[in-house]
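Note sheet for the following structure.
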Amino acid sequence: METAVIENPIPWPGGARCAVAFTFDMDADSILHLGYHDTADTRMALLSALRYGPEIAVPRLLGIYREFGIRQTFFVPAWCAEHYPRAVELMLEGGHEIGHHGYIHEHPNELAPDEELDRLRHSAAILTAATGARPRGYRAPTYRFSRHTADFLIQEGFDYDSTLFGDDIPYVLRTKAGQILEIPSHYGMDDWPQYQISREFDYFAAVKAPRRAIEVFIDEFEAAWEFGGLWNSVWHPFLSGRLARAKAIRDLLRHMVEKGDVWFARLDEIADHVRASIESGAWTPRIDDLPYYEGPIPELGPARPARVKPA
Ligand SMILES: [Zn+2]
């Protein structure tokens, strides 16, 4: 007998073997302004590479989704919604979900708690105005979820987060403020390690051929399909919307459709399904209590400045 590798698999709609979510974080050039405020405007080549996301890649990717008749989730920093309204309009026209991804990709765990909350609210208001609906989901920029982020998401009425890596299937984050659903992914399901090379962002991984890069995502899909999991992938239009890479995504989609019994869904649809399954008693989620620590662990004595790397 085969060992069940997911202890409490959730029943997916229609008896699907797994749920599949392609999520794209449309960061555009927000990340360059954030990292190099004083000189970003002078870095024309990198600006052009990042603007390729909303200008060229998003329309292409939306065309691929249209071809397969699927609707997916985009996480968009509010600043990007202000600067690239056409990309946002196209996403909405295609029936896709737009989630919260900070204002200009600032890192929540580097902000004071009141500043983090202010920015969360301010950006939610901008996205609400841009899309006509409050964002239901959140992903922390660069996965920099703080010790307070879950509290703030609960307080502000978000339905789910999709930043953390703590399980293979949706689970519940519980804090002093209440509970929120986590729809996890993991860093192996992100396209940066496959495709990004940039002196500015200290990223020097060798660029993979799309057919090699996509193998990682295919292997993850085969396992999710076999064991009743969740395939929640994290892509970036400026990286994966390039011609050969977009073709690899299209080929992957074709493979998934041909394999069959797959539930393609937006993350808010997954959140709705999970919540309904919990409320009907059909499924019981795992609960993760946050934060894990209230501060640096005491066993190592008083907190010290981070050790300086040897030159
Ligand atoms: Zn991002």
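Every number here is computed from the coordinates shown, using simple stated rules; none is lab data. Small disclaimer: the values here were computed from a predicted structure and weren't measured. Note that each Cβ is placed from the backbone with ideal geometry, even for glycine, and that neighbours are counted across all protein chains shown.
Structural remarks
- For the range 261-299, the set of trypsin sites (Lys or Arg not before Pro) satisfying both a DSSP loop assignment and a count of at most 15 other C-beta atoms within 10 Å is given as Arg286.
- Per-bin percent of Cα-Cα distances, the range 1-91 [10 Å]: 14, 35, 23, 17, 10, 2, 0
- The region of the chain that goes longest without hitting one of the chymotrypsin sites (Phe, Trp or Tyr not before Pro) in a DSSP loop, each with at most 12 other Cβ atoms within 10 Å, is 1-203.
- For the range 185-226, a crude dipole built from +1 on the beta carbon of Lys and Arg and -1 on the beta carbon of Asp and Glu, taken about the Cα centre, is about 280 debye to the nearest 20.
- Reducing the range 154-202 and the range 224-290 to their Cα centroids gives an inter-centroid distance of 13 Å.
- Low-density loop cleavage sites - trypsin sites (Lys or Arg not before Pro) in the range 145-249, where at most 14 other Cβ are within 10 Å (DSSP): Lys176, Arg199
- Longest segment of the chain lacking GluC sites (Glu not before Pro) that sit in a DSSP loop with at most 11 other Cβ atoms within 10 Å: 8-293
- Prolate/oblate/rounded call for the range 96-196, Cα gyration tensor, a/c under 1.5 rounded: rounded
- The three principal axes of the C-alpha atoms in the chain carry coordinate ranges of 57, 50, 45 Å, sorted with the longest axis first.
- For the range 221-311, size of Cβ-based charge dipole, Lys and Arg +1, Asp and Glu -1, in debye: 760 debye
- Only Lys, Arg, Asp and Glu carry charge here, each on its Cβ (+1 for the first two, -1 for the last two); on that basis the range 17-292 has a dipole of about 760 debye about its Cα centre.
- Under 13 Å from the Tyr292 label point (7 Å along Cα→beta-carbon), backbone N, the range 137-175: 145-147, 164-167
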